[in-house]
1. Using Cα springs under 10 Å in a Gaussian network model of the chain, which residue among Leu265, Leu71, Leu102 shows the largest mean-square fluctuation?
2. May I ask you to work out the translational diffusion coefficient for the stretch 182-278 at 20 °C, viscosity 1.002 mPa s, via Stokes-Einstein with Rh from the Kirkwood sum over Cα pairs, reported in whole µm²/s?
3. When the distances between all Cα atoms of the chain are binned every 5 Å from zero, what whole-number percent does each bin get?
4. If the elastic network links every pair of Cα atoms under 10 Å, which of Gly114, Gly146, Gly216 fluctuates the most in the Gaussian network model of the chain?
5. In debye, nearest 20, what is the charge dipole magnitude of the chain about its Cα centre with +1 on Lys and Arg Cβ and -1 on Asp and Glu Cβ, if you could check?
6. If you average the sequence gap of Cα pairs under 8 Å that are 6 or more apart and divide by the length of the stretch 191-278, what percent do you get for the contact order?
7. Loop-only GluC sites (Glu not before Pro) in the stretch 93-159, please: DSSP not H, G, I, E or B, and at most 16 other Cβ atoms within 10 Å.
8. Under a GNM of the chain (C-alpha, springs under 10 Å), which listed residue has the highest mean-square fluctuation: His97, His172, His230?
Amino acid sequence: MGRAMAGAYLDAGYDVTVWNRTASRADELVATGAVRAAGVEEALAANEVVVLSLTDYAAMYAILEPAAPALAGRVLVNLSSDTPERAREGAAWAVEHGARHLTGGVQTPPSGIGSPEFDTFYSGPRDLFEQYEHVLQVITGTDYRGEDPGLAALYYQLQMDLFWTTLTAWLHTLALADANGISASEITPYAARTLGGMDQFLDFYTPRIEAGRHSGDVERISMAVASMEHVVHTARDAGVDPALPAAVLEAFRRASAEGYAEDSLTRLFEVFVRGAGA
């Protein structure tokens, strides 16, 4: 991801200084015009805007704490993934050392970097975002979520919740299909058709959820329990690990046990919220 971002800035005509804990990873960028910094302090001193693309905020501290005096006057655009609370703590830490901080959450793999078709969530001081938005748009389109440094991280993690859960469900579908002699290429068009229609469900159910309306006039949790029981049994019969659909089934059964069997599946929204404090 970092290489893709640096490459996008080089393509846009920016002067780019790069640093990586494994120096050889920057060889290709240096060959195309980037300057390799000898150390973190040199990298921080090269430009006012410093873009971080790291595994998490712990990596940020590990890299920047030894060079903290060099942070004064820098603008840290932190595109590392972590929790909203750690993003807030990281922003406060940057300010303590004389820097300003924008949190970012990139909504594309490296192949989409440099394309305005994709967005990156940003949060932090509005004036800072507006001042450097033209710089940030080199990476992707921008979606500013607000002053709270944790908001970009929150929106990003919300998308990851949906993305990883959905992708894992597709992989389980492929495994179950394969166990029954159906190839991935055979079943994937049907999976894509199912996923492609999900936006209609989201549009239909969202206003109901916001209104607290969970009547079972379209579908019911009791139906979902029976359906998911069949999926679990089908997986077991095929010798496929049923843990993923079984976890979904358990959520359905919990809602049913709480007295919501005849309500819409959207009642799970409230069950999940209450479960956070259980």
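1. Leu265
2. Working: Rh = 15.0 Å.
Value of D from the Cα-based Kirkwood radius: 143 µm²/s.
3. Final binned percentages: 1, 5, 9, 12, 14, 12, 10, 10, 9, 8, 6, 3, 1, 0.
4. Comparing Gly114, Gly146, Gly216 in the GNM, the peak value goes to Gly216.
5. Numbers: 19 positive and 37 negative charges, 62 e Å.
That gives the chain a dipole magnitude of about 300 debye.
6. Values: 64 pairs, mean separation 33.0, N = 88.
Once divided by the residue count of the stretch 191-278, the mean separation gives 37 percent.
7. Details: sites: Glu96, Glu117, Glu130, Glu133, Glu147; in loops: Glu147.
Passing sites in the stretch 93-159 are Glu147.
8. His230
Every read-out reported here was derived from the displayed coordinates using simple, explicitly stated rules and does not represent laboratory data. Everything numeric here is computed off the predicted structure, so don't read it as measured data. A quick note on method: Cβ atoms are made from the backbone with ideal geometry, for glycine too, and the neighbour counts reach across all protein chains shown.
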